[in-house]
1. So, by mean Cβ neighbours within 10 angstrom, what's the order for 2-13, 66-77 with the highest one leading?
2. With unit charges on the beta carbon (Lys/Arg positive, Asp/Glu negative), name the residue among GLN40, GLY61, ASN77 whose Cα is farthest towards the positive pole of the charge dipole of region 4-102.
3. Calculate the dipole size of the chain relative to its Cα centre from +1 charges on Lys and Arg beta carbons and -1 charges on Asp and Glu beta carbons; express the result in debye to the nearest 20.
4. For HIS13 and LYS74 in one chain, what is 0.36 nm times their gap in residues minus the Cα-Cα distance, to one decimal in nm?
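Just so you know, all these numbers are worked out from the coordinates, no wet-lab data involved. Keep in mind it's a predicted model, so treat the numbers as computed, not measured. Cβ placement follows ideal geometry from the backbone for every residue including glycine, while neighbour counts extend to all protein chains displayed.
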Amino acid sequence: MITIEELNEVLKHAKNRKSFGLDNLPMELWKFGGNELRIQLLELFNKIIDKNQMPQELETGMVINIHKKGTISKCKNCRGITLLPTAYKLFKNIIKKQTKWTCGRRNGRGTVWF
């Protein structure tokens, strides 16, 4: 289960003025929206854990092509980024903190092979 302290810690470190996903909810909403909103978000996160199922709205990202260099009409000159919902980013960061795993590496223990 996720606690309000864990949510507050992740929100404290979340960056403002970043792109958001299809939900159109900026990170500032979660950070400055008040305690009632945080409790609702916490209930959603704990329901996800209890049911072991992520809502489709949180899983859906929007892929945007960013022009790198050269002719804009050639795909090789662009790179894609995925804009994810801010609630998903918060959930991911809480789980990441709980498990202390980062990108295939365990903190202070080297690479983990799957």
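1. On the way: 2-13: 14.2, 66-77: 9.5.
Per-residue Cβ counts within 10 Å, averaged per peptide and sorted highest first, yield 2-13, 66-77.
2. Farthest along the dipole direction, towards plus: ASN77.
3. Roughly 960 debye, rounded to the nearest 20.
4. On the way: separation 61, 0.36 × 61 = 21.96 nm, distance 3.75 nm.
Net length gain for the segment: 18.2 nm.
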